[in-house]
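First up is the structure itself, then whatever we jot down about it.
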Amino acid sequence: MKRLIPQFGTACLQSRGDAFTTLARSIVGQQISVKAAQSVWERFAALPRRMTPANVLKLKVDDMRQAGLSARKIEYLVDLALHFDSGAIHVESWRSMADEEIIGELVGIRGIGRWTAEMFLIFHLMRPNVLPLDDVGLITGISKNYFSGDPVSRSDAREVAAAWNPYCSVATWYIWRSLDPLPVAY
């Protein structure tokens, strides 16, 4: 970290959008390139007058398909909108909830797994101490920066990250920057 931090000047983690939009974007972007995700997102986001759960629930499936969404992603987006619209998740309480409690709520939504929930904690809620051990970039970056490129296990990564506590999110961001200097936002 001592070597990495000075390389990136004043760049830092930044949040954007509201919780619903952030999670919807992550669903749209799953398993496709960043460029393709942006293109599909722009077409999808243009469908409702405003990106809200209630407005997404009013959209026609055919229109969402024409925006480039697969049937599975449409199901996920509808489930996300239903969870927000019905109050099944406790958005207003997230600021005071523990990370694992929020992850538990989010993984109850179809299409959102632990990795997506952790990215949400890092990029939307700006939680300082999230260690996303399922993230390939984090594992690759630890290998490159701490093990001369040799493969590392999750256990090795956890051991390295112990020194980052209570700022694992920040250290993870710097590890990502060591692989790709352009910051990603979710």
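Here are a few things to note about the model shown:
- Computed from the C-beta positions of PHE147 and ARG65 and an R0 of 35 Å, the FRET efficiency is 0.20 to the nearest 0.05.
- Choice from SER93, SER39, SER26 showing the highest fluctuation, given a GNM over the chain with Cα pairs closer than 10 Å: SER93
- Length gained when the stretch GLU100-ILE32 is fully extended (0.36 nm per residue, less Cα-Cα span): 21.7 nm
- Taking the C-alpha atoms only, the angle from helix 34-45 to the longest principal axis of the chain is near 30 degrees.
- Fluctuation leader among VAL170, VAL107, VAL34 - the chain, Gaussian network, Cα springs under 10 angstrom: VAL34
- Seen against the Cα atoms of the chain and their longest principal axis, helix 19-28 is set at about 90 degrees.
- The range 99-181, accessible area per residue, ligands and nucleic acids excluded (1.4 Å, Å²): 44 Å²
- Here the sum of -39500 (n - 2.57) over DSSP H runs of 4 or more residues, divided by the residues of the chain, equals -15500 deg cm²/dmol at 222 nm, to the nearest 500.
- For PHE123, net neighbour charge (Lys/Arg +1, Asp/Glu -1) across residues whose Cβ lies under 11 Å away: +2
- Selected from PRO53, PRO132, PRO166 as most flexible by GNM, with the chain as the system and alpha-carbon contacts under 10 Å: PRO166
- Computed from phi, the 3J(HN,Hα) profile of the range 56-69 under the Karplus parametrisation 6.51, -1.76, 1.60 (θ = phi - 60°) reads 5, 5, 8, 5, 8, 4, 4, 5, 5, 5, 5, 6, x, 8 Hz, with x in place of Gly and Pro.
- Applying 1/(1 + (r/R0)^6) with r as the Cβ-Cβ distance of SER39 and ASP85 and R0 = 22 angstrom yields a FRET efficiency of 0.25.
- Label assignment, volume of the Cα convex hull per residue in Å³ derived from the structure, set (1) 146; (2) 124; (3) 115: (2)
- Projected label distance in nm at MET126 and ASP18, using a 7 Å step from Cα toward the beta-carbon: 1.9 nm
- Seen against the Cα atoms of the chain and their longest principal axis, helix 168-179 is set at about 80 degrees.
The values are calculated or read from the model by the stated rules, or taken from the named source; none is laboratory data. Quick caveat, the model's predicted, so the values are computed rather than measured. Every residue, glycine among them, receives a Cβ derived from its backbone with ideal geometry; neighbour counts consider all protein chains shown. For the accessible areas, the whole protein counts, side chains as well, though only heavy atoms, and no ligand, DNA or RNA atoms are used. Shrake-Rupley method; radii C 1.70, N 1.55, O 1.52, S 1.80 Å.
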